[in-house]
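Structure record follows, encoded as structure tokens.
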Amino acid sequence: MSMQIALMNYDNKCNDYQIVIDGNYNFLKNYNFVKTVVRGDNLIDEIMAASIVAKVFRDSLMKKMHNDWPQYGFDQHVGYGTKYHFNQLAKYGPCPIHRLSFKPVRTL
């Protein structure tokens with residue numbers, strides 16, 4: 001699961017902020033300054049920016065993971081479920097960074 005979170009100054013004061021989470025799951029539900037927004041990555045600039053930063057970071061991390069597990073081709077598909085990625089999973093099985101909670105990985 002990917003999650004983007006943005007911190008927004010919502011009333012132009014230095015100490016009043018709101019956390020907005022893309023989607024409908026609020027894992028910070030005990031705080032009244034948290035708001036979820038379905039499709040927030042299409043609607044809110046701060047979530048759009050957080051989404052881009054998260055993707056660039058994740059892609060960079062996956063390219064580094066290629067050094068430890070080159071047989072999976074993480075430098076090419078950066079973890080997305082491409083045909084090549086699933087072929088390599090079938091051939092080598094999951095490595096420690098594969099999410100076993102993801103059904104296609106778990107069933108291998």
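The values are calculated or read from the model by the stated rules, or taken from the named source; none is laboratory data. Everything numeric here is computed off the predicted structure, so don't read it as measured data. Counting neighbours? That spans all protein chains shown, and the Cβs are built from the backbone with ideal geometry, glycine included.
Quick one: which residue in His77, His85 is assigned by TED's automatic domain parsing to the domain that holds Leu108, in contact with a Gly (Cβ under 9 Å, 6 or more places away or on another chain) and within 22 Å of Ile97 (Cα to Cα)? Step through it out loud before you land on a result.
Numbers: His77 fails: in contact with a Gly (Cβ under 9 Å, 6 or more places away or on another chain).
Matching residue, one of His77, His85: His85.
In the set Val105, Val56, which member is at negative phi, surrounded by fewer than 11 Cβ atoms within 10 Å (Cβ to Cβ) and not in a loop (DSSP other than H, G, I, E, B)? Talk me through it step by step, then tell me what you get.
Numbers: Val105 fails: surrounded by fewer than 11 Cβ atoms within 10 Å (Cβ to Cβ).
Answer to the check: Val56.
Only one of Met1, Met65 is modelled with pLDDT under 85 and closer than 23 Å to Ser101 by Cβ. Can you tell me which? Let's see the steps before the verdict.
Details: Met65 fails: modelled with pLDDT under 85.
After ruling out the rest, the residue left standing is Met1.
In the stretch 28-53, how many are touching a residue at least 24 places away in the same chain (Cβ under 8 Å) and in a loop (DSSP other than H, G, I, E, B)? It would help to see each step written out before you state the result.
Start the filter on the stretch 28-53 by keeping residues that are touching a residue at least 24 places away in the same chain (Cβ under 8 Å), which leaves 40-41, 44, 46-47, 49-51.
Then drop every residue that is not in a loop (DSSP other than H, G, I, E, B), which leaves 44.
The total comes to 1.
Could we say that Ile47 is on the phi < 0 side of the Ramachandran plot, β-branched (Val, Ile, Thr) and in contact with a helix residue (DSSP H, G or I) (Cβ under 7 Å, 6 or more places away or on another chain) here?
On the way: on the phi < 0 side of the Ramachandran plot: yes; β-branched (Val, Ile, Thr): yes; in contact with a helix residue (DSSP H, G or I) (Cβ under 7 Å, 6 or more places away or on another chain): yes.
It is true that Ile47 is on the phi < 0 side of the Ramachandran plot, β-branched (Val, Ile, Thr) and in contact with a helix residue (DSSP H, G or I) (Cβ under 7 Å, 6 or more places away or on another chain).
Tell me, yes or no, whether the stretch 73-91 has at least one residue that is surrounded by fewer than 12 Cβ atoms within 10 Å (Cβ to Cβ), in contact (Cβ under 8 Å) with a residue 12 or more places away in the chain, of a type in the set (A, V, I, L, M, F, W, C) and over 25 Å from Ile19 (Cβ atoms).
Yes, the stretch 73-91 contains at least one residue that is surrounded by fewer than 12 Cβ atoms within 10 Å (Cβ to Cβ), in contact (Cβ under 8 Å) with a residue 12 or more places away in the chain, of a type in the set (A, V, I, L, M, F, W, C) and over 25 Å from Ile19 (Cβ atoms).
Might you check whether a residue that is part of a loop (DSSP other than H, G, I, E, B), in contact with a strand residue (DSSP E or B) (Cβ under 8 Å, 6 or more places away or on another chain), surrounded by 12 or more Cβ atoms within 10 Å (Cβ to Cβ) and hydrophobic (A, V, I, L, M, F, W, C) occurs anywhere in the stretch 17-27?
So far as the stretch 17-27 goes, no, none of its residues is part of a loop (DSSP other than H, G, I, E, B), in contact with a strand residue (DSSP E or B) (Cβ under 8 Å, 6 or more places away or on another chain), surrounded by 12 or more Cβ atoms within 10 Å (Cβ to Cβ) and hydrophobic (A, V, I, L, M, F, W, C).
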